[in-house]
Structure formats: structure tokens, C-alpha cells
Amino acid sequence: MSASSAKKGSFSLKVPEGMHVAVVGLGGTGCSVSQMLVRIGLAHLSLIDPDSVSRSNIGRQICYAERDIGRPKAETCREFLSRISPGCEIEFSDDLVTDSNAERVIGKPDILFDCTDNVRSRLNLNRYSVRKRITEIFVSSAYNSAQVKGIIPGITSCLECFANESILANTPCSFGDVAETMPVIAGLLGVNLMFSIISNNYNGEIITLNGKEYTAEKVRIDRNPECRTCGDLR
Ligand SMILES: [Zn+2]
């Protein structure tokens, strides 16, 4: 599978045969992403999250039910998704991804979804995907907004091109007073963005939906030659 094999301008909604996607973070956004991926025919999925299901998750984390409270998210999510699509090969891990274990835990998927809820994890994943040249899709939700961005190493800007640790620290991701609907919408938007990337129809913009005002914004973010993660990548 190539992330840029299609003719520019077309928009393919077909999941490439044999495509492998990894989803890191199985909260509101990650549940939405992974459920949609298996429903549309993904062949191979890796689910990664170290947490367990809690009661407050049930409103927006659509792969879990009340009876799952206290169970590990990754394994529970796999069980749920296997019932939807028994033919999809689904692996799971309850490791917390760090710089040192990323290769073992994530491997080399065709696409990596960053659905985590903290700055450190987001920067780790960004570094890993750029270093391994894995296309990443950043999915975030805070308060009444949903935000997505694709990172195609060597082609588009990466997360650190425009955001360093101190800026991201002030940007909540999927926690706090998040509307229960927005993480689900953010996840679906991320899957939609995946098709734009597959269709070679994406230029690195960050897309923000406001669920209160019903507005959408698309901001182009150019590569930063000074970026310490991707600045020297060609
Ligand atoms: Zn960069």
C-alpha cells in the first residue's frame, strides 16, 4: 500500500488491500477511528492503550459497555471489533508507548493514528513516525472542537514544525470538559482524512471543526526547516 499512489484530485473511499493501521490511544477518538476502520473493511489493525475502562468513559468511548468497566481497553476493544469484522486481523497491546519501546509495540504500519490524550505521547509518536517514515494522522478533541492533521514524513509538516512542548502543554486533548460527541466526530474526520491522504489529495493542513458554532477551519502549515524532528528529512 502506498500513501500517495492515487492520481491527484481523485478521492478513493476504498481501503487498500492488506493495509495495516495502528491506533495508539483507545479513548473517545481511538474507539471511533478503530470501529470505523473495521466496518469499512480494514485487513489488519493494531490496538495500543495501557488503560482500563472506567464508568466516565462510556458516554464517548463507543467500543465499551458497562460490563467492561475495570477491564483493559486494548483487549476489550479487540473483542468488540472482532464481532463486527471477524476477518480483520487485530492485535492488541497494553504497553504505554515510549521512545525506547515504540518499535516493538507499534512496528511499521502503513498508517499510525495518534489518538492519545497527552503531549508527551503525541511528541513521542510524531518522532517515531517521522523517523520510520510512517504516515501519521493526529486526532484530537477538546471542549467543543475536533481537530485532525496528517503527517507524511518528508512531504508535509510534522507536529513539531509548529508546536513545541510548551505550546502543546496548553492545548488540552480529549479530556476536561469535552463534549461527548466531539471525540467521535474527530475520529470519523481522521478516517476521512486517511482517504484524502491515500488519494494523494492532502497538503498538510490542520483541520478544526467547532461543534458549537458549526464552523470549520483549514489552516495550511508549511514545513519548518528548523524543525528538530523533520527539518533535515528529504
Ligand atoms: Zn517537523
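Some points to look at:
- For the chain, lysine pairs separated by 8 or more sequence positions, or belonging to different chains, with Cα-Cα distances below 23 Å total 12.
- A crude spin-label estimate for the pair residue 82 and residue 132, with each label 7 Å from Cα along the Cβ direction, gives 2.3 nm.
- Within the chain, percent of DSSP bridges classed antiparallel, to nearest 5: 50 percent
- Scanning the chain for long hydrophobic helices, with DSSP H runs required to stretch 15 angstrom or more by C-alpha along their axis and to average at least 1.0 on the Kyte-Doolittle scale, returns 181-198.
- Going by accessible surface with a 1.4 Å probe and the largest first, 143, 128 read 143, 128.
- Accessible surface computed residue by residue for region 20-219, with neighbouring protein chains in place and a 1.4 Å probe, gives 41 Å² per residue.
- Part-to-part distance (alpha-carbon centres) for region 66-100 and region 185-199, which is given in Å: 21 Å
- FRET efficiency, residue 66 to residue 100 (Cβ-Cβ, R0 30 Å, nearest 0.05): 0.25
- Estimated 222 nm signal from helices in the chain, with DSSP H stretches of n ≥ 4 weighted -39500 (n - 2.57), rounded to 500: -9000 deg cm²/dmol
- The accessible-area ordering, largest first, of the residues 80, 11, 138 stands as 11, 80, 138, per a 1.4 angstrom probe.
- Sulfur and carbon atoms: percent of accessible area, the chain [1.4 Å]: 49 percent
- Per-residue 3J(HN,Hα) values for region 207-223, derived from phi via the Karplus relation 6.51 cos²θ - 1.76 cosθ + 1.60 with θ = phi - 60°, read 10, 10, 10, 9, x, 9, 8, 6, 10, 10, 9, 10, 10, 6, 10, 6, 5 Hz in sequence order (x marks Gly and Pro).
- Area accessible to solvent at residue 21, 1.4 Å probe radius, in Å²: 0 Å²
The values are calculated or read from the model by the stated rules, or taken from the named source; none is laboratory data. Quick caveat, the model's predicted, so the values are computed rather than measured. Quick reminder, even Gly has a Cβ in these numbers, built from the backbone with ideal geometry, and neighbours come from all protein chains shown. The protein model used for the area step is the full one, side chains on, heavy atoms only, and it has no ligands, DNA or RNA in it. Shrake-Rupley method; radii C 1.70, N 1.55, O 1.52, S 1.80 Å.
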